[in-house]
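Here is the structure we will look at, set down as structure tokens.
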Amino acid sequence: MSSNQNHHAHGRLGVGFVGSGFNARFHMQAFQAVRDADVRGVWSPNLEHTSSAAALARSLDIGAAKAYASIRDMVADPSIDALWLTGPNHSRLENMEEIVHAIEGGVGTLRGIACEKPLARNVAEAKRMLALIQSIGVAHGYLENQVFAPQIETGRTRLWARGAASTGRPYLARASEEHSGPHAPWFWRGELQGGGVLNDMMCHSVLLVRHLLTQPGAARSSVRPVRITGHIASLKWSQAPYAAKLAATFGREVDYAKRPSEDFASVMIEFETADGQILIGEASTSWSFVGAGLRLSAEVLGPEYSMSWNTLNSGLNLFFSREVRGAAGEDLVEKQNAEVGSMPVIANEAAAYGYENEDRHFVRAFLGKEAPLLTFDDGLEVVSLLMAAYQSAELGKTLDFPPPGLDAFVPAVARGTWKGS
């Protein structure tokens with residue numbers, strides 16, 4: 001029996017990571033809670049980072065991960081059954097094309113490919129991603145962690161089972177993701193990332209509000225977006241002292257005095273149900289949030305019930321007086337902004353933000369044990385909503401969804417022509 005046959009005989013999935021940065025390492029933390037998989041490989045363009053990420057996987061005892069010289073080499077290895085795409089936005093399509101070319105060339109086979117959010121930087125790229133995965137007939141998953149957060153899963157189930165069942169469906173959902181700014185320079189560059197905070201983080205929130213408004217077990221299409229209003233602004237990071245701070249931290253290519261990206265975005269989506277009821281989804285995202293650290297929040301309102309979620313209400317707080325000394329870090333909460341005073345602590349961020357449940361689900365999906373809850377098709381829908389929101393913001397008006405010209409649209413932020421207002 002070959003090593004690959006033996007691997008499958010034990011019902012386990014061999015996982016390889018395309019990307020070795022912050023997001024890949026977050027998933028690796030989550031894989032400690034996944035029973036049916038082993039992380040067996042990592043590839044990224046930076047060999048030092050690749051080797052470091054593989055070493056992290058081994059230290060977490062989630063698999064005998066090794067560094068690969070190319071994506072092609074990972075596809076060729078029979079111990080790799082599925083790939084998690086976690087690299088930068090501007091590399092995603094190129095990475096996917098390399099995977100497909102390897103499979104079409106007979107180099108190897110895969111059971112599944114999971115792609116981090118957003119699926120792509122614009123609709124044209126997202127449609128290409130979907131066409132590529134369909135061309136090779138491999139199972140696919142769209143990695144949106146927040147819909148898998150334990151509080152979201154439990155709250156949504158109970159809300160619909162008790163409140164909606166007796167008094168009617170929810171009619172308003174709100175979601176927000178806020179922090180003080182990304183870790184890596186490419187996030188800040190609109191031409192690489194595909195935009196600013198709207199593209200980076202609104203992908204979470206627009207899907208989350210729709211998810212919360214959709215009855216469990218019903219198709220997501222049962223709640224159809226019909227109108228969208230978007231707004232973007234650069235509130236903090238284009239101010240002279242903060243633009244200078246960005247340049248000093250990330251280099252002169254991150255020039256928010258001349259080429260800003262939005263650090264705040266808001267979107268309102270009108271949804272329509274099959275019976276004609278209008279529902280509202282409100283979402284906001286920010287890189288200009290000042291607080292303890294990353295804050296994810298959501299709210300749902302129905303006729304006689306409500307739900308609220310805030311990750312900074314963690315159940316654990318630590319207080320450090322001004323006499324406490326120590327280096328700045330993120331040991332209390334992601335995107336941590338302080339080390340003194342009263343601070344919330346997220347004891348297990350990979351669980352709290354939904355990564356554990358998400359990775360467990362897609363491993364099981366690629367093993368054929370359940371159907372994937374989110375696919376590249378859902379990723380394309382999310383990108384379409386994001387681009388429509390950018391269109392709305394640029395035109396300064398509410399748009400019917402989908403608006404004309406969406407397939408060819410590229411935001412002004414991504415083209416480098418947006419000036420902050």
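A few points about this structure:
- Here Leu192 fits the description: surrounded by fewer than 20 Cβ atoms within 10 Å (Cβ to Cβ), touching a residue at least 40 places away in the same chain (Cβ under 8 Å) and out of contact with any Cys (no Cβ under 7 Å at 6 or more places or on another chain).
Here's the yes/no breakdown for (1) at pLDDT 95 or above; (2) assigned to a helix (DSSP H, G or I); (3) surrounded by fewer than 18 Cβ atoms within 10 Å (Cβ to Cβ); (4) in contact with a Ser or Thr (Cβ under 9 Å, 6 or more places away or on another chain):
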site	(1), (2), (3), (4)
His7	no, yes, no, yes
Arg40	yes, no, no, yes
Ala55	yes, yes, yes, no
His90	yes, yes, yes, no
Ile103	yes, yes, no, yes
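- Single residue of the range 258-283 satisfying the filter (surrounded by fewer than 22 Cβ atoms within 10 Å (Cβ to Cβ), small (Gly, Ala, Ser) and at pLDDT 95 or above) that is nearest to Val413 (Cα to Cα): Ser266
- Against the numbered list (1) in contact with a Leu (Cβ under 8 Å, 6 or more places away or on another chain); (2) surrounded by fewer than 17 Cβ atoms within 10 Å (Cβ to Cβ); (3) free of Cβ contacts under 8 Å to residues at least 60 places away in the same chain; (4) not hydrophobic (A, V, I, L, M, F, W, C), Gly11 comes up short only at (3).
- Leu373 vs. criteria at pLDDT below 95 and either farther than 22 Å from Gln151 by Cα or not acidic (Asp, Glu) (or both): no
- Considering residues of the range 135-152 that are within 14 Å of Pro372 (Cβ to Cβ) and not small (Gly, Ala, Ser) only, the residue surrounded by the fewest Cβ atoms within 10 Å (Cβ to Cβ): Val138
- Only residues that are touching a residue at least 60 places away in the same chain (Cβ under 8 Å), within 17 Å of Glu116 (Cβ to Cβ) and of a type outside the set (S, T, N, Q) were counted across the range 59-98, and they come to 7.
- Criterion (closer than 25 Å to Gly137 by Cα and assigned by TED's automatic domain parsing to the domain that holds Trp309) met by exactly one of Val345, Val383: Val383
Rundown of residues vs (1) closer than 17 Å to Gly21 by Cα; (2) assigned by TED's automatic domain parsing to the domain that holds Leu47, yes/no style:
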position	(1), (2)
Asp73	no, yes
Trp84	yes, yes
Arg92	yes, yes
His101	no, yes
Gly106	no, yes
Glu125	no, no
Met129	no, no
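- Met28 passes every criterion in (1) within 27 Å of Arg189 (Cβ to Cβ); (2) surrounded by fewer than 19 Cβ atoms within 10 Å (Cβ to Cβ) apart from (2).
- The set of residues in the range 219-262 that are basic (Lys, Arg), within 30 Å of Thr375 (Cβ to Cβ) and in a helix (DSSP H, G or I) contains only Arg220.
- Residues of the range 154-180 that are charged (D, E, K, R) and more than 22 Å from Leu119 (Cβ to Cβ): Arg156, Arg158, Arg162, Arg169, Arg174, Glu178.
- Counted residues, the range 341-397 - those being among the β-branched types (Val, Ile, Thr), in contact with a Leu (Cβ under 7 Å, 6 or more places away or on another chain) and either free of Cβ contacts under 8 Å to residues at least 12 places away in the same chain or part of a loop (DSSP other than H, G, I, E, B) (or both): 1
- Qualifying position, being of a type in the set (Val, Ile, Thr), under 24 Å from Ala165 (Cβ atoms) and within 26 Å of the chain's Cα centre (by Cα), among Ile280, Ile269: Ile280
- Among the candidates Ala173, Ala149, Ala218, Ala161, residue that is over 20 Å from Leu386 (Cβ atoms) and in contact (Cβ under 8 Å) with a residue 60 or more places away in the chain: Ala149
- Qualifying residue in the range 243-254 (condition: out of contact with any Cys (no Cβ under 7 Å at 6 or more places or on another chain), surrounded by 18 or more Cβ atoms within 10 Å (Cβ to Cβ), in the same structural domain as Arg295 (by TED's automatic domain parsing) and of a type in the set (Ser, Thr, Tyr)): no
The values are calculated or read from the model by the stated rules, or taken from the named source; none is laboratory data. Only a predicted model underlies this, so the values are computations on that prediction, with no experimental measurement involved. With ideal geometry, Cβ positions are generated from the backbone for all residues, glycine too; neighbour counts draw on all protein chains shown.
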